[in-house]
Protein chains: 2
Amino acid sequence: MRETLDFLLFDWLQAANLTKRERFAEHSAETFTAVLDTCERIARDKFAPFNRLADTQEPNFDGERVHLPQATHDATKAYAESGMLAAAQDYDVGGMQLPCVIEMAGNAFFSKASVAMGGYAMLTSGNASLLMAHGTPLQREVFARNEFAGRWFGTMCLSEPQAGSSLSDVATRAELDDETDPLGPRYRLKGHKMWISAGEHEITENIIHLVLAKVPGPDGKLIPGTRGISLFIVPKWLVNEQAQLTGERNDVVLAGLNHKLGYRGTTNCLLNFGERGGTIGYLVGKVGEGLRCMFHMMNEARIGVGLGAVMLGYAGYEASLEYAKQRPQGRPMTAAGKDSSSPQRPIIEHADVRRMLLAQKSYVEGGLALELYCARLVDELATGDDKTQAQALLDVLIPIAKSWPSEWCLEANSLAIQVLGGYGYTRDFPVEQYWRDQRLNMIHEGTHGIQALDLLGRKVVQQGGGSLAALAARVQLTIERAIQTDWAQQANQLAAALAQVGGATKKAWSTGQPEDALANAVPYMQAFGHTVLAWLWLDVALAVEGDSDFAHGKRAAARYFFAYELPKIGAWLDVVSRREPLCRDIKAEYL
Amino acid sequence: MRETLDFLLFDWLQAANLTKRERFAEHSAETFTAVLDTCERIARDKFAPFNRLADTQEPNFDGERVHLPQATHDATKAYAESGMLAAAQDYDVGGMQLPCVIEMAGNAFFSKASVAMGGYAMLTSGNASLLMAHGTPLQREVFARNEFAGRWFGTMCLSEPQAGSSLSDVATRAELDDETDPLGPRYRLKGHKMWISAGEHEITENIIHLVLAKVPGPDGKLIPGTRGISLFIVPKWLVNEQAQLTGERNDVVLAGLNHKLGYRGTTNCLLNFGERGGTIGYLVGKVGEGLRCMFHMMNEARIGVGLGAVMLGYAGYEASLEYAKQRPQGRPMTAAGKDSSSPQRPIIEHADVRRMLLAQKSYVEGGLALELYCARLVDELATGDDKTQAQALLDVLIPIAKSWPSEWCLEANSLAIQVLGGYGYTRDFPVEQYWRDQRLNMIHEGTHGIQALDLLGRKVVQQGGGSLAALAARVQLTIERAIQTDWAQQANQLAAALAQVGGATKKAWSTGQPEDALANAVPYMQAFGHTVLAWLWLDVALAVEGDSDFAHGKRAAARYFFAYELPKIGAWLDVVSRREPLCRDIKAEYL
């Protein structure tokens, strides 16, 4: 994985060029590499050996405290000590001022080693970064700084039992208590928050929840829709302006742990707020702007989920590749039949096993290229010359960055199990856990269906289709370069696919009715995603040089994607283009 | 499910017509229905309520005995008492002389209620049926009869740690001990058997293993390949000619339980034979004909696996349908936007949720049609007029019956999780278990890859392509009927698909080299399977009458399959037709 990561970062994405920018001027390719080395080492030593343990020793609640394996404490501590919690932050707040693409690349090692044990740190970093963007100076100093230091960990409290995908139905209520509290306007919260990852644990002395809640209007009623949502800091233990614990427990109570299919090493909680007089929460930003603040970090959060999905896929790919090289079983079938008296051959010699490995390779390496590309765009947005273009590209790519690996690296994990056969179905090998852990990714941080609505319902039509056009122009550049090379056939195939996607987008919206267009939003997103991946594979293939096994492997995976995967878009776009009304129209009673 | 099952059995497949045959003359539609009622009741009362328990209270070995939940004992006892173990057997051995299609339909209820708890009985029935076909009169009397009565349960011991897909590498050795033993020529066995389902338990007083082993040649060496394999009865506790336990333990020892991803309610074991002087085994059939005997029941075994896969899919479909009707979340998007102040709507009103439900419906009901159709062909093979045709059709359909639901009902189970969202990812709902249980089906009883080699490497080319032609002729009959109806468009689509499959078959084999053809055997099987399912859906749609919700539902699922699924075959057949060499040729070092 490391060789591929380095190639994508430094050869393909030219990440070292970022050091020419003022913000990253003190960095060099060497410091970037050193960060990756450190992450790789900690992930290998502190996370990977305990990934199964974190699964089998599920968090448990004794009525007072939630217990996690010691390994989770040790691993998160090592992560915090590495400084990665503040990797992208300014030097003057203790950060490393790293580009997003390097931060993401470093975090990839942890996701691969143990996505569930890595969850605590990722949430904390996201939480604190949000406070850096929207908090008051004192909120940053008290809360964000102590999170970056690893003294306290953080959460994001969005969902409620009755409000998952539909955040406009958030019913947690926040009533003003004291507008003049130095930590920010103080409110009293009451409600329930569901699916809160890292919502309770004893890893750190305090937990800083970021909570969406609604401030009632003058009539005392909650404002319908997302407009009414505000954002609050809710510490588990109350703190003073000097960031000292006051010893007073805030009124946020664990109602129960969720027991999950996978991802078991991260606690996931139902939390009750305000059952004992009202939870203290400090407003972040302005009233009614909670969702905007929360989604400030959405690009990074969705790239993070996508990258986590890729890394689970990668872990399965490597495990099944290793197994396939070692495991003798059967003999190749030839026109002369099989010679049963000859020794069995390693299963990697069977074409179908190679197909399963090559499919995985094309999914996970392609997925990695996608996530790094998007992270690189986040850097363009922050420090580049053409922020408008970066924004346009990110807008259309983020739903793909989140959804595509969630779906296809799940398939990769299933193929990894298949390569191992019966052994893959046992808990003696890691691949079944990867598959279980992976299944969450199509659900959290915006479900597959929500991503598809975002893509087809908003992103590709926004600015008169301008964002889609920006992406198409980028794809076109790759096609033009490829058409001069051995990749001309794939370039033509990609050009046709791009035209198909463009045509389907128009036809989907030709009636102007969202019901018509969006009934097939998921097949549209699948086709869009496969087209994006084909483009990235072609672009990566053009960047590959030489005659090494590594280079041949990259080319083979690119060819695989064009031969076996890209042709799938026809079936998906068929229904989009003709606005197939079957699913929209069917009566519930027929099901 | 029951309404669909009855429709497929009695309206579509005209199962009641079987009672015109001598073997089933004492039956009627009413007795068939009574059997289904009994199975449905026992499955509902004794199996379904304990399916989660069987998963969480995994079998455990205390060093002496393997413990299972009491519920598993009770459920299997109720099953045995129903007489279903001998459902298809002659009256004079205590059987019910039921057609295969009714036996399978009855067993479907148990697979749906708890596929893992149902495993013990299915294996026993298969084991004893095999002995009825190949055993001596005394072997039948002593072993099969007591298995049918539920006094003893049975297993099938094929795989070994080094011989899974490659049975020719079986290394268990059987040496002649006493040719004149009344229970059959007595051998002493030595070796290891892996993945033995129901290989150890205390449900019954004895376990009758059927074991593949090799009798050494005159030179003392094992004969390479499958020719050398023989079949043996290995009772856990030795018995006499009167079927009484002698009190002597046979030398077959549990080496360990496998701890699996799913299917946890069925014990799965590594068994050691002959570590204490040699395991006693009685030869079944002739030396060297073990595999032929074992595969005598292969059609039923593979239909059984396929039907189990369908039923797991069905269970998930019903659970997610129920949830989607109850769960309010979000509001439909219209050209006017969303009215956040209106109440949330049940998620079944969202087009994408309907898509996920309709996809599941098309997979599980289509899969049920496939399995029942194949079971009906088993009846044709046994009691019909045109056994040659039945054999030809079964030959090409069995790999599909085994593989298709294993793949697509896994997708159905994943969609069921997706419909439930975060709740589906928890163990508070049943869908995550269905998905885990299901994942085994692409692995056991011949992996996906093995099924594909069987289909493209043998079945479609056998008899000069005669078996494939027999299937094509059947499909053609449906097309001809449909072309006169509202289904003409689908009929034409199916005709084109059939031609594509036929063309791809020829092109795959046009060089005559198995390496060329078989490199893409799995994509071929996927396309073949989807074409078969489209045919069955069209045939089912033609059998549907009237204007009921039920009828509309069947038509919608058929339309869904043609609109969303059948078009997928293009991408699969592309690589088959051009004998895409990528996977065959890639070097292991490139991966």
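The values are calculated or read from the model by the stated rules, or taken from the named source; none is laboratory data. Because the structure is a prediction, the values reported are computed rather than measured. When we count neighbours, we look across all protein chains shown, and the Cβ atoms used for this are built from the backbone with ideal geometry, even at glycine. Please note that ligands, DNA and RNA were not included when accessible areas were found on the heavy atoms of the full protein model with its side chains. Shrake-Rupley method; radii C 1.70, N 1.55, O 1.52, S 1.80 Å.
Descriptive notes on the structure:
- Of A:52, A:41, all but one fail to be touching a residue at least 60 places away in the same chain (Cβ under 8 Å), in a helix (DSSP H, G or I) and charged (D, E, K, R); the exception is A:52.
- Neighbours by Cβ (under 7 Å, 6+ apart or cross-chain): first from the stretch B:453-473, basic (Lys, Arg); second in a helix (DSSP H, G or I): B:459/B:395; B:459/B:396; B:459/B:399; B:459/B:467
- Only listed residue being within 21 Å of the chain's Cα centre (by Cα) and either closer than 23 Å to residue B:329 by Cβ or not hydroxyl-bearing (Ser, Thr, Tyr) (or both), chosen from A:217, A:184, A:126: A:126
- Selection from the stretch B:280-324 of residues that are among the β-branched types (Val, Ile, Thr) and in a helix (DSSP H, G or I): B:303, B:305, B:310
- Index of the failed condition, residue B:373 passing every other in (1) closer than 21 Å to residue B:6 by Cα; (2) in contact with a helix residue (DSSP H, G or I) (Cβ under 6 Å, 6 or more places away or on another chain): (2)
- Residue match in the stretch A:530-538 (condition: among the β-branched types (Val, Ile, Thr) and within 11 Å of chain B (Cβ to nearest Cβ)): no
- So residue B:191, is it assigned to a strand (DSSP E or B) and either more than 31 Å from the chain's Cα centre (by Cα) or away from chain A (no Cβ under 14 Å) (or both): yes
- Annotation: of all residues in the stretch B:325-345 being within 25 Å of residue B:557 (Cβ to Cβ) and more than 8 Å from chain A (Cβ to nearest Cβ), the one that is most open to solvent (accessible area, probe 1.4 Å) is B:326.
- Among residues of the stretch B:228-262 being open to solvent by less than 30 Å² (accessible area, probe 1.4 Å) and assigned to a loop (DSSP other than H, G, I, E, B), the one that is farthest from residue B:57 (Cα to Cα) is B:243.
Residue-by-condition table, conditions (1) buried (at least 18 other Cβ atoms within 10 Å of the Cβ); (2) within 14 Å of chain B (Cβ to nearest Cβ); (3) in a loop (DSSP other than H, G, I, E, B):
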| site | (1), (2), (3) |
| --- | --- |
| A:182 | no, no, yes |
| A:204 | yes, no, yes |
| A:209 | yes, no, no |
| A:216 | no, no, yes |
| A:221 | no, yes, yes |
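- Taken over the stretch A:96-118, the criterion of being out of contact with any Asp or Glu (no Cβ under 7 Å at 6 or more places or on another chain) and open to solvent by less than 10 Å² (accessible area, probe 1.4 Å) is satisfied by A:98, A:102, A:105, A:106, A:108, A:110, A:114, A:117, A:118.
- Of the criteria (1) in a helix (DSSP H, G or I); (2) over 25 Å from residue A:199 (Cβ atoms), which one residue A:97 fails: (1)
- Members of the stretch A:540-559 that are open to solvent by less than 10 Å² (accessible area, probe 1.4 Å) and farther than 23 Å from residue A:470 by Cα: A:551, A:553, A:554, A:556, A:557, A:558
- Scanning the stretch B:277-310 for residues that are open to solvent by 10 Å² or more (accessible area, probe 1.4 Å), β-branched (Val, Ile, Thr) and farther than 17 Å from residue B:367 by Cβ yields a total of 2.
- Odd one out for residue B:72 among (1) modelled with pLDDT of 95 or more; (2) in a helix (DSSP H, G or I); (3) open to solvent by 10 Å² or more (accessible area, probe 1.4 Å): (3)
- Number of positions in the stretch A:266-276 that are part of a loop (DSSP other than H, G, I, E, B) and surrounded by 18 or more Cβ atoms within 10 Å (Cβ to Cβ): 3
- Looking across B:381, B:393, one residue alone is modelled with pLDDT of 95 or more, away from chain A (no Cβ under 14 Å), over 19 Å from residue A:590 (Cβ atoms) and crowded, with 21+ Cβ neighbours inside 10 Å. It is B:393.
- Of everything in the stretch B:156-180 that is small (Gly, Ala, Ser) and in a loop (DSSP other than H, G, I, E, B), the residue that is most open to solvent (accessible area, probe 1.4 Å) is B:165.
- Contact annotation: residue pairs with Cβ atoms under 6 Å, 6 or more positions apart or on different chains, pairing a residue in the stretch A:140-157 that is within 12 Å of residue A:123 (Cβ to Cβ) with a partner that is open to solvent by 10 Å² or more (accessible area, probe 1.4 Å), are A:152/A:146; A:152/A:204; A:153/A:204; A:154/A:123; A:155/A:123.
- Condition check for residue A:130: in contact (Cβ under 8 Å) with a residue 60 or more places away in the chain and either open to solvent by less than 40 Å² (accessible area, probe 1.4 Å) or of a type in the set (Asp, Glu) (or both): yes
- Residue match in the stretch B:245-253 (condition: within 14 Å of chain A (Cβ to nearest Cβ) and among the aliphatic types (A, V, I, L, M)): no
- Failed criterion for residue A:225 (all others in (1) at positive phi; (2) at pLDDT 95 or above; (3) within 14 Å of chain B (Cβ to nearest Cβ) hold): (2)
- Selected residue (criterion: nearest to residue B:440 (Cα to Cα)) from residues of the stretch A:378-421 that are among the acidic types (Asp, Glu) and touching a residue at least 60 places away in the same chain (Cβ under 8 Å): A:407
- Test: residue in the stretch B:444-457 that is under 24 Å from residue B:53 (Cα atoms) and within 14 Å of chain A (Cβ to nearest Cβ): yes
- Of the listed requirements (1) within 11 Å of chain A (Cβ to nearest Cβ); (2) polar (S, T, N, Q); (3) farther than 25 Å from residue A:580 by Cα, residue B:414 misses just one: (3).
- Scanning the stretch B:575-588 for residues being open to solvent by 20 Å² or more (accessible area, probe 1.4 Å), assigned to a helix (DSSP H, G or I) and either more than 20 Å from residue A:555 (Cα to Cα) or more than 7 Å from every other protein chain (Cβ to nearest Cβ) (or both) gives a total of 2.
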